[in-house]
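Asks: Quick one: the structure is below, and I'll ask about it shortly.
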Amino acid sequence: MIDDVDEMLEGIGFDPETSVLTRRQAQVLALREQGVSQAEIADQLGTSRANVSSIEGSARDNLAKARETVAFAEALRAPVRVHVSEGTDLYDVPQQVYDACDEAGVKVGHSAPDLMKIISDAAGNAISGRQVTTDLVVGVTTDGLVRVRRPE
């Protein structure tokens, strides 16, 4: 089982030297994605289920941090940043984004409903119904990628 996972990791180009995951974390995540239980993984690795759970948790935390870092880097390079204030109606946000993009000469390849869905999905609990409940920044890159962040 572990040999098969190592072969799969190699086949998709996993390199622990350049990854945010250790080899063990990658192995555990790969096995979990294949539906293998933590107990079965622990048996294969000669460790406890609690240790496998800890490895998996650390791996998922590392992936979340990596995603956040990528989103931050994309926001930095976004020439369009629209600050959406708490209390704004979500239905008003696409026009704000379109106006800012027009001013910057950036094309947004999304309809208003699609843009609202992208923003709503990315904002999570910062939107309730049609109401923006937490200040947001909507960034749009030169290639039209939309990123949503919560200013701290």
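The values are calculated or read from the model by the stated rules, or taken from the named source; none is laboratory data. Predicted model, so just to flag it, every value in this text is computed and none were measured. Here the Cβ is made from the backbone with ideal geometry for all residues, glycine too, and neighbour counts use every protein chain on show. The accessibility values were calculated without ligands, DNA or RNA, using every heavy atom of the protein model including side chains. Shrake-Rupley method; radii C 1.70, N 1.55, O 1.52, S 1.80 Å.
Asks: Got a number for residues in the stretch 74-97 being open to solvent by 50 Å² or more (accessible area, probe 1.4 Å) and either in contact with a helix residue (DSSP H, G or I) (Cβ under 9 Å, 6 or more places away or on another chain) or closer than 24 Å to Val132 by Cα (or both)?
Replies: Summing the residues that are open to solvent by 50 Å² or more (accessible area, probe 1.4 Å) and either in contact with a helix residue (DSSP H, G or I) (Cβ under 9 Å, 6 or more places away or on another chain) or closer than 24 Å to Val132 by Cα (or both) in the stretch 74-97 gives 10.
Asks: Would you please name the residue that is farthest from Val5 (Cα to Cα), looking only at residues in the stretch 15-44 that are in contact (Cβ under 8 Å) with a residue 40 or more places away in the chain and open to solvent by 40 Å² or more (accessible area, probe 1.4 Å)?
Replies: Checked the stretch 15-44; the qualifying residue farthest from Val5 (Cα to Cα) is Val20.
Asks: So, in the stretch 1-46, exactly how many residues are assigned to a helix (DSSP H, G or I) and either touching a strand residue (DSSP E or B) at 6+ places or on another chain (Cβ under 7 Å) or polar (S, T, N, Q) (or both)?
Replies: Of the residues in that region, 4 qualify.
Asks: Same structure, new question: Here are some residues: Ala122, Ala126, Ala112. Which one is out of contact with any helix residue (DSSP H, G or I) (no Cβ under 7 Å at 6 or more places or on another chain), hydrophobic (A, V, I, L, M, F, W, C) and open to solvent by less than 40 Å² (accessible area, probe 1.4 Å)? Spell out the reasoning first.
Replies: Details: Ala122 fails: open to solvent by less than 40 Å² (accessible area, probe 1.4 Å); Ala112 fails: out of contact with any helix residue (DSSP H, G or I) (no Cβ under 7 Å at 6 or more places or on another chain).
Result: Ala126 is the single residue among Ala122, Ala126, Ala112 that is out of contact with any helix residue (DSSP H, G or I) (no Cβ under 7 Å at 6 or more places or on another chain), hydrophobic (A, V, I, L, M, F, W, C) and open to solvent by less than 40 Å² (accessible area, probe 1.4 Å).
Asks: Now for a separate question. From the list Gln34, Gln27, which one is polar (S, T, N, Q) and in contact with a Leu (Cβ under 9 Å, 6 or more places away or on another chain)?
Replies: Gln27
Asks: Would the stretch 95-105 turn up any residue that is free of Cβ contacts under 8 Å to residues at least 60 places away in the same chain and touching a Pro at 6+ places or on another chain (Cβ under 7 Å)?
Replies: Taking every residue of the stretch 95-105 in turn, at least one turns out to be free of Cβ contacts under 8 Å to residues at least 60 places away in the same chain and touching a Pro at 6+ places or on another chain (Cβ under 7 Å).
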